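Asks: Take this structure, written in structure tokens, and hold onto it; I'll ask about it next.
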Amino acid sequence: MPERKAALSHTTIYWIGFCVVMALLIAAPFALSTFWQRFLTEILIWGLLAMSSDLLIGYTGMVSFGHSVFFGLGMYGAAAALLMVKPPNLWLAILFGLAGASGAGLFVAYFSTRVRDIYFAITTLIFSQIFYVIIFTWTSVTGGENGLLFSRPHFTIPFLVDARFTTATMHWFVLAVVAGSYLLLRRITQSPFGMVLQSIRENEARTRAIGFPVQRYKIVAVMLSGFFAGLAGVLYALQNEFAAPDFVYFVTSGDTVIFNVIGGIGTLVGPIVGAGFFQLLREMLSRIFGDQFPYLIPAGFVFIAIIIFLPQGLLGFARRWLNK
Amino acid sequence: MDILSSIPWELLLIQTVNGIVTGMILALVASGLTLIFGIMDVVNFAHGELFMLGAYLGVIVVATTGNFWIGLVVAAGVVAILGAALQVSTLRPLIGRDPLNTILVTFGISLILQNYALWQFGTVVRKVSEPIGSYFTLFYLQYPWYRIFVAGLAAAIIGALYVFLKYSKFGVWIRATTQDRTMAQAMGIPVPLVYTGVFALGAGMAAASGVLFAPLGGVAPTMGLDWVLKAFIVVVVGGMGNLGGSIVAAILISLLEAYASIWVSPSQAVIVSFIALILTLLFKPTGLFGTTVTR
């Protein structure tokens, strides 16, 4: 961005923009019908999943096809807490979900970071299939194909609040978590740690030559990414009150990559925009052509066109500005 | 003594034969994948979908003409042409960009093809009967000759590929391009044509394996993913871009899965090949047979 003396500083504009978007999202439940409220909440959740993966794709240069593992284990972790502990507790569900996702994160990170580039993509893909097979076939614990059903816990703050979630309060809760995660992830990418990740993206050999333990950095990056993906999984479980093996299937990972590429990698906001764009496209197509319409065919064409003609994604033009 | 007699020897032998048969089909799929990777640096995510489309085309042609072999040739030819078209329209613009772009584009292609198949053919598994109806006795089983024949044919196709790469003019072009693209271009080799040709070749091989597999397991729109995953495991275990390595790894992994499915259900037997992959990553991340590119 060219610097002008009289104009507002970059930081001011950034935070004004952030507040405007937040205000719009906070006000959304007052203007939207229940259907669109839920729709928007889901976009935020998918956005968080995509954003977590952006830490790897956009900032470290590792394309992960395994984020469904973290997302799914977040879901099943939350389900475990809600089904086993009486009365169901919101915070315990989040804790369990994050523990599940982080455990899987450590496992996946340890093995998959031993290889690079396309091998990393392939390896993470295979890991998502491993977890899918385990969850799908271990019927006694995971409910197999049918998944697990549970009811949403109350929103509780000990001794202060104990309220039932409505569509609107759920939206605000998700918004708070997603916005908080965004700020955290932004902070991480701008920290010295994040700088090392970006240097790995630019030139891994040189980063190693300077003396950074590249693999350890990558492991931590994958784990962090998995942590936030697990958080998205917990939110999705809370929003929809079920956990199903379909979400561990690699298709979810593929969607995550699509959101990133459409929205623009390395921007953190882009993946949310990409998720919104994708979900709107899907909703629009199924309204025009009916539910049976294979919306993924046109979506696939859009995806390919964006890679070839707009490799930076929809928000690519703002990449430098957003990371400043 | 007890342990020795508790091993089901007949079953082991039957599964060995089964494992080699599926291993040869897998080797055919994986050698197409590794050929495309070795020469173009493209990880073809859509390889499984080309396999699946080949199988569907085979089923359709067999249903109309009644001849399996026409189906095999037509499917391989049509999918090879489709592969060439895909390469020209989507991969050629990406030459010179980060190879990760190619995995994304081919992922998009696989999405389109898979959903097209789902839309066009539905989820019902289609069956096609084996073109060779005779059987031989293997212990208590009537084992179909067709399976043995498939393994032989797959081996023959791979052998033909090797001879083609080694002795034909186009094969020399391919090997030259693998070694040094710029130099090959400077020597007058039409490199873009070589790329398109190689992609078409790989696509045709995937389609042929799809048709050969169709009588064994039926045809469904989602079969592509299973195969591309297995093929990925094979190329990682065998060493990416290493043709010989992928063939050995394909047979090894299919045998492991075949043995495992004696004791657990086939859907769980896949885990064995996952474990093989993890162990490979742990002890020899470059693959069992190194990373040297087939020359």
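Asks: With a Förster radius of 51 Å, plug the Cβ-Cβ distance of A:Cys19 and A:Tyr110 into 1/(1 + (r/R0)^6) and report the FRET value to the nearest 0.05.
Replies: Between A:Cys19 and A:Tyr110 the formula returns 0.80.
Asks: Right, next: Counting other beta carbons within 10 Å of each Cβ, put A:Phe39, A:Phe309 in order, fewest first.
Replies: By the 10 Å Cβ count, ascending: A:Phe309, A:Phe39.
Asks: Pull out a ≥ b ≥ c, the square roots of the eigenvalues of the alpha-carbon gyration tensor of chain A, then state rounded if a/c is under 1.5, prolate if not and a/b is larger than b/c, and oblate in the remaining case.
Replies: rounded
Asks: A:Lys86: which aspartates and glutamates have alpha carbons under 17 Å from its alpha carbon, excluding same-chain residues fewer than 8 sequence positions away?
Replies: Cross-link targets: A:Asp162, A:Glu241.
Asks: Specify the inter-centroid distance of the stretch B:154-181 and the stretch B:45-114, based on alpha-carbon positions, in whole Å.
Replies: Going from one Cα centre to the other spans 20 Å.
Asks: Calculate the spin-label point distance for B:Gln185 paired with B:Phe121, positioning each point 7 Å from the Cα along the beta-carbon direction, and give it in nanometres.
Replies: If labels sit at B:Phe121 and B:Gln185, their model points lie 3.8 nm apart.
Asks: Let me ask another. Work out the FRET efficiency for A:Asn240 and B:Thr137 from their Cβ-Cβ distance, taking R0 = 60 Å, and round it to the nearest 0.05.
Replies: Efficiency computed from Cβ-Cβ geometry: 0.65.
Asks: A further question on this structure: Can you sort B:Met183, B:Met52, B:Met40 by how many other beta carbons sit within 10 Å, fewest first?
Replies: With the sparsest Cβ surroundings first, the list reads B:Met183, B:Met40, B:Met52.
Asks: So what's the Cα pair-distance distribution over chain B, bin width 5 Å, in %?
Replies: In order of increasing distance, the bins hold 1, 6, 11, 16, 18, 17, 13, 9, 5, 2, 1, 0, 0, 0 percent.
Asks: Right, here's the next one. Please report, in whole Å³, the volume per residue of the convex hull around the C-alpha atoms of the protein assembly as shown.
Replies: Convex hull volume per residue, Cα atoms: 192 Å³.
Asks: Other chains near B:274-283: what is the mean number of their Cβ atoms within 10 Å of each residue's Cβ?
Replies: For peptide B:274-283, the averaged partner shielding equals 4.
Asks: Can you tell which of B:Leu82, B:Leu11, B:Leu277 shows the greatest fluctuation in a Gaussian network model of chain B with Cα springs below 10 Å?
Replies: Sorting by GNM fluctuation, first place goes to B:Leu11.
Asks: Quick one: order B:Tyr195, A:Tyr182, A:Tyr110 by neighbouring beta-carbon count within 10 Å, fewest to most.
Replies: A:Tyr110, A:Tyr182, B:Tyr195
Asks: Ratio of alpha-carbon Rg to the 2.2 N^0.38 Å globular estimate for the stretch A:13-114, to two decimals, please.
Replies: 1.33
Asks: Hey, what do the phi angles of the stretch A:180-195 turn into as Karplus ³J(HN,Hα) couplings, whole Hz, using 6.51/-1.76/1.60 and θ = phi - 60°, x for Gly and Pro?
Replies: Each residue's phi maps through the Karplus curve to give x, 5, 4, 5, 4, 5, 5, 4, 4, 5, 8, 6, x, 4, x, 5 Hz.
Asks: For chain B, set up a GNM with springs between Cα atoms under 10 Å and report which of B:Ile148, B:Ile20, B:Ile158 has the largest fluctuation.
Replies: B:Ile148
Asks: Report, in debye and to the nearest 20, how large the dipole of the protein assembly as shown comes out about its Cα centre when Lys and Arg carry +1 and Asp and Glu carry -1 on their Cβ.
Replies: I would put it at about 1460 debye.
Any read-out appearing in this document is the output of simple, stated calculations on the displayed coordinates, not a laboratory observation. Bear in mind that the values here come from a model prediction, so they are computed numbers and not experimental data. Note: ideal-geometry Cβ built from the backbone for every residue, glycine included; neighbour counts use all protein chains shown.
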